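The values are calculated or read from the model by the stated rules, or taken from the named source; none is laboratory data. As the structure is a computational prediction, the values presented were derived from the model and not from experiment. Here the Cβ positions follow ideal geometry from the backbone for every residue, glycine too, while neighbour counts run over all protein chains shown. Only protein heavy atoms, including side chains, enter the accessible area calculation; ligands, DNA and RNA are left aside. Shrake-Rupley method; radii C 1.70, N 1.55, O 1.52, S 1.80 Å.
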Amino acid sequence: MASTVITAPPARPGTGTAAAVPAARRPAPGTWRGRWPLLPLLAAVLLLAVPAGDTEAGAVYGVPLADVASGAAVLVCVGRLLFLRRRPLTPAAALVLGLPAVGLALATVTATDPVAALPGFVRYLQIFVLVPAAVLLLVRDAADFRIVTGALVLLALVQGATGVHQYVTGSGASYMGEEIRAVGTFGPGDVMGMATVVGYGLLAAAAYAFRPRAARSRWRVPCALGTAAALVVPLTLSFSRGAWIATAAGAAAMIALTGARQALRTLAVLAAVSVVLVGGFGVGSQMLSQRLTSITEVTSAPDRSVTDRYTMWAAAAGMWRERPVTGVGLKAFPAHRDGHASIGLSAGSDTEGAGQEFVRQPLLSPHNMYLLVLGEQGLVGFTALVGGWAALLVGGVCRLVRSRVRRAAAVDCGLAAVGLTVWQCVDFLYADIGGPSTVLTGVVLGLAAWWALAAPERTAVA
């Protein structure tokens with residue numbers, strides 16, 4: 001009797017199946033050998049611990065090492081796509097991550113000086129398109145996601161410890177006449193760098209503590225909570241009001257999305273800890289009290305930095321009104337600033353301390369990402385870029401709610417993705433891209449894209 005041979009149907013080309021690679025050449029999914037593509041991505045995060053002032057150790061031909069590593073991550077991603085012959089992105093991911101490239105290209109070719117806009121085009125493409133897409137494709141499952149967020153936590157601990165040491169020893173950036181402002185290794189020229197890193201790490205550590213009980217070990221949750229609590233100290237000593245508000249907003253979003261019962265327990269614990277620290281031990285100096293009070297006085301009694309910020313916001317809005325569709329062009333804000341700013345704008349901000357002599361930093365951006373995009377890229381670029389961020393946030397929240405209903409083990413990844421996205425969206429109200437820590441913006445947006453846009457089977461694995 002003739003034997004019957006049953007063969008599997010051939011895989012459809014471009015579906016992203018693993019059949020294109022022989023089984024003998026595929027590493028085991030749970031081993032580090034299978035996770036080597038994450039290495040340049042982790043390097044892009046951890047190399048930010050190199051002091052920004054050390055140009056020899058911290059840059060290659062003037063390009064920061066973290067940016068070089070992010071470029072290597074993009075190349076690894078492209079190489080893997082060519083080797084494995086997988087479909088690069090789902091239609092939704094291609095739309096969300098690809099539209100900003102169209103807006104950036106249009107803003108570049110229609111700029112008042114297209115040649116001067118080219119560096120801005122490359123930078124924006126790196127941070128908002130290429131690096132997020134690389135993260136989305138290189139992070140295969142929840143374990144990979146936790147490795148990347150773990151790198152964020154490790155970087156936050158290093159920078160935070162450096163910042164606390166600066167405050168204690170009086171070797172930080174100048175603040176109210178004293179060199180006590182914690183800036184980590186970023187220096188006084190990037191006072192938001194350490195606050196950004198610490199804010200990311202705090203939210204990532206806190207998210208792990210909300211992992212379902214059945215999927216977490218006993219000792220890791222106290223470690224995560226202790227790490228998040230420890231990072232509150234350097235975040236406070238950064239004296240960055242924008243980072244405080246953004247971190248509080250991200251944490252509030254995470255707590256609200258854990259469920260009513262868990263949220264009430266968490267808020268009760270936070271309230272008790274706050275009462276003990278502030279009331280019992282008197283934590284909170286006069287400088288911190290003044291800084292907190294100043295948050296509510298930005299309209300009634302603004303300081304010089306707030307006045308300059310309002311003036312630059314008005315200048316960015318004026319640029320948009322002048323060219324509402326495509327804006328004045330990437331990197332064109334400094335050239336058009338004086339033509340739209342009032343005489344109340346100061347010549348620059350003073351920076352000093354943390355190993356740097358007195359330097360007056362020119363005001364080259366409005367310190368509001370939304371207004372910067374609107375002024376330089378117009379409504380087209382604003383819709384494409386900000387619309388993509390909104391899509392990531394809404395998609396992430398929707399998938400998180402579904403994961404909670406199904407009691408998925410990867411819910412901590414969803415909490416981290418949503419919390420980091422909220423942090424970034426709120427922080428962009430007070431800041432814009434710039435400085436060595438900017439590459440982390442692309443990493444965070446990539447993590448948000450992985451959670452919101454990746455195939456369901458990738459986000460469901462514990």
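Can we say VAL191 is open to solvent by 10 Å² or more (accessible area, probe 1.4 Å), free of Cβ contacts under 8 Å to residues at least 24 places away in the same chain and assigned to a helix (DSSP H, G or I)? The answer is no for VAL191.
For every residue, the table says whether it meets (1) under 12 Å from the mean Cα position of the chain (by Cα); (2) surrounded by fewer than 24 Cβ atoms within 10 Å (Cβ to Cβ); (3) not basic (Lys, Arg).
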position: ALA384; (1), (2), (3): no, yes, yes
position: ALA391; (1), (2), (3): no, yes, yes
position: GLY396; (1), (2), (3): no, no, yes
position: ARG404; (1), (2), (3): no, yes, no
position: SER437; (1), (2), (3): yes, no, yes
position: LEU447; (1), (2), (3): yes, no, yes
position: TRP451; (1), (2), (3): no, no, yes
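When ARG140 is tested against the conditions (1) at pLDDT below 95; (2) within 29 Å of LEU39 (Cα to Cα); (3) in a helix (DSSP H, G or I); (4) open to solvent by 40 Å² or more (accessible area, probe 1.4 Å), the lone failure is (3). Residue count for the range 405-430 under the criterion of being farther than 24 Å from ARG309 by Cβ, outside any helix (DSSP H, G or I) and of a type outside the set (A, V, I, L, M, F, W, C): the result is 2.
In the range 90-117, how many are without any contact (Cβ under 8 Å) to a residue 60 or more places away in the chain and among the aliphatic types (A, V, I, L, M)? The total comes to 6. Residues in the range 26-59 that are modelled with pLDDT under 90, part of a helix (DSSP H, G or I) and out of contact with any strand residue (DSSP E or B) (no Cβ under 7 Å at 6 or more places or on another chain): TRP32, ARG33, GLY34, ARG35, TRP36, PRO37, THR55, GLU56, ALA57. When the criteria are applied in full, SER238 meets the requirement of being over 21 Å from LEU267 (Cβ atoms), of a type in the set (Ser, Thr, Tyr), in contact with a Gly (Cβ under 8 Å, 6 or more places away or on another chain) and open to solvent by less than 10 Å² (accessible area, probe 1.4 Å).
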